[in-house]
Amino acid sequence: MANLQYGFDLAAIGSLQAMPGFLKVFGYPDPGSEGGYAIDSTVQQLITSLLTLGSFVSSLVAGFFSAYLGRRQALWLACIVNAIACAIQIGAPSAGVLYLGRILLGFANGFLVTFSNIYTAEASPAHLRGVMVALFAYWVNIGSIMGAAVDNKTKERMDRLSYRIPLACLYIVPTFLFVALFFVPESPRWLLHPGKAQAARQALEQLRGTSYATIRASSSGDDSSDEMSPSLLELEWAEMVKGVEEEKREQGNVTALDMFRGASPCLSPHPKPTNPHLTNKNEPGIDLRRTILCYSMIGCQSASGVWFLIGYQTYFFTVSGITKAFEYSIMNTCFGFLGVNIGMYAIRNWLGRRAILMLGAIACGLCQLASAIAATVSPNSLPTGQALVAFTALFMFFYNGCVGAASYPVATELGARYGYIWAGSNLACVVFFYFFIPEMKGRSLEELDEIFAARVAARKFKSYQCLIGEAARIDAVNAEGRKQNWEM
């Protein structure tokens with residue numbers, strides 16, 4: 001739900017800047033413009049970029065808040081800051097006050113996105129983590145559809161309510177989330193770090209339910225009733241405890257700079273057998289590899305060209321003669337929502353992360369190439385506009401279903417032919433996904449720590465046998481045995 005706020009603002013704020021009521025307050029009289037008002041390009045850029053600046057600042061301090069407040073408290077703080085930011089934006093009498101509201105909203109959105117996804121990753125069982133984290137794109141698309149729909153209803157109003165109504169809708173998510181957080185436990189993994197083992201165990205039991213404690217985990221996967229196998233709950237708990245103990249043991253030697261230390265670990269990992277109790281996870285190159293993969297994945301999202309299309313699709317539809325450009329933009333967002341649903345199902349039941357990423361990058365590249373060819377052959381014509389609508393819809397489907405589970409200064413000058421660049425960058429993403437992105441489907445966070453520490457090559461992740469899982473299985477069996485003896 002927290003991610004819905006990001007999607008709503010992303011879709012709503014762009015259209016606000018074309019509403020007469022908004023332009024009367026934050027723009028200037030311009031007899032030559034439709035409606036008699038226009039807005040300075042600097043104001044437009046600041047409205048968008050200051051939100052990003054706020055998110056950037058919140059990401060820098062997220063680690064501090066995460067360590068001392070936990071996930072739930074950080075989300076509560078985000079809801080409060082979000083409400084303050086909305087009030088400032090709604091009542092802003094000038095652009096300067098609006099800028100303050102945008103920075104605060106960016107800070108709040110940064111916390112909402114960061115901590116909601118951290119909580120989801122930590123609280124999800126390994127076999128569902130991919131689908132649960134993919135819900136980020138699901139909720140962002142729902143928010144985008146809602147934001148576009150609200151703007152479409154208020155865009156014809158001539159008073160200040162034209163933009164105040166969409167801004168007031170930004171209260172909905174933090175209000176529901178603030179109340180809902182009272183009914184969900186804190187992340188059990190976070191509770192283990194300050195030594196709150198009993199609270200962590202209770203949180204895990206609340207998240208998994210009673211059935212999880214009765215289902216047996218089979219090492220072979222064929223006999224779930226094997227009495228020598230621990231319950232799924234005990235196995236996950238034992239693995240979680242071991243992983244946190246290992247992190248705490250090495251915590252004194254770790255600094256923020258360790259994320260950037262190592263010699264080309266992403267390009268030439270060398271697998272070696274490890275013992276999870278003896279492995280030093282912070283030896284040179286291990287953290288750097290993970291850092292490179294994280295930053296590269298974010299870069300690949302932009303390399304797909306999605307921000308270019310989100311920012312300029314309506315403009316290109318309009319100059320190509322499409323009379324319902326705004327409605328087609330909403331339609332394309334709906335195609336993206338459809339893609340998210342199919343993509344989540346595919347991640348869970350058909351393909352792993354790597355295959356989905358490569359498929360999405362190939363499809364997005366072809367859509368960008370087709371759009372560029374159409375714009376080259378017959379620029380600014382109705383058939384080109386129709387082709388752009390079709391290929392943009394396909395792009396949104398494949399991006400949201402695969403790659404998603406900006407280019408501003410010269411975009412309007414190059415037009416849709418800019419797709420040639422994005423086609424090439426998508427091809428580069430396919431190569432990167434194939435050689436460097438490991439398959440992490442079904443792995444717990446503790447198992448991933450062990451695999452990265454072992455410097456396993458990306459294409460060997462799937463077949464690697466983790467030792468921490470077997471050690472946790474033994475501990476879980478012993479724990480259940482002690483529990484049964486105590487009950488007797």
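The values are calculated or read from the model by the stated rules, or taken from the named source; none is laboratory data. Here the structure is a predicted model, which means the values were calculated and not measured. So basically every Cβ, Gly included, is an ideal-geometry build from the backbone, and we count neighbours across all protein chains shown.
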- Task: Return the residue satisfying two criteria in turn: it lies in the range 293-323 and is among the hydroxyl-bearing types (S, T, Y) and at pLDDT below 65, and of such residues it is farthest from S49 (Cα to Cα).
- Result: T318
- Give the range 10-27 a look and list any residue that's farther than 21 Å from G91 by Cβ and either at pLDDT 80 or above or not in a loop (DSSP other than H, G, I, E, B) (or both), or say none. L10, A11, G14
- Message: Among the residues of the range 57-73, are any farther than 20 Å from G147 by Cα and of a type in the set (V, I, T)?
- Response: yes
- Might you let me know whether the range 386-407 holds any residue that is at pLDDT below 75 and of a type in the set (S, T, Y)? yes
- Out of (1) surrounded by 22 or more Cβ atoms within 10 Å (Cβ to Cβ); (2) out of contact with any helix residue (DSSP H, G or I) (no Cβ under 8 Å at 6 or more places or on another chain), the one G336 does not meet is (2)
- Message: Every residue in the range 37-47 that is under 29 Å from the mean Cα position of the chain (by Cα) and buried (at least 17 other Cβ atoms within 10 Å of the Cβ), please.
- Response: L46, I47
- Could you say whether any residue in the range 111-128 is crowded, with 21+ Cβ neighbours inside 10 Å, in the same structural domain as L46 (by TED's automatic domain parsing) and over 16 Å from L4 (Cβ atoms)? yes
- Task: Mind counting the residues in the range 344-383 that are in a loop (DSSP other than H, G, I, E, B) and of a type in the set (A, V, I, L, M, F, W, C)?
- Result: 2
- Examine the range 136-157 for a residue that is closer than 23 Å to E247 by Cα and either part of a helix (DSSP H, G or I) or touching a Phe, Trp or Tyr at 6+ places or on another chain (Cβ under 6 Å) (or both), and state whether such a residue exists. no
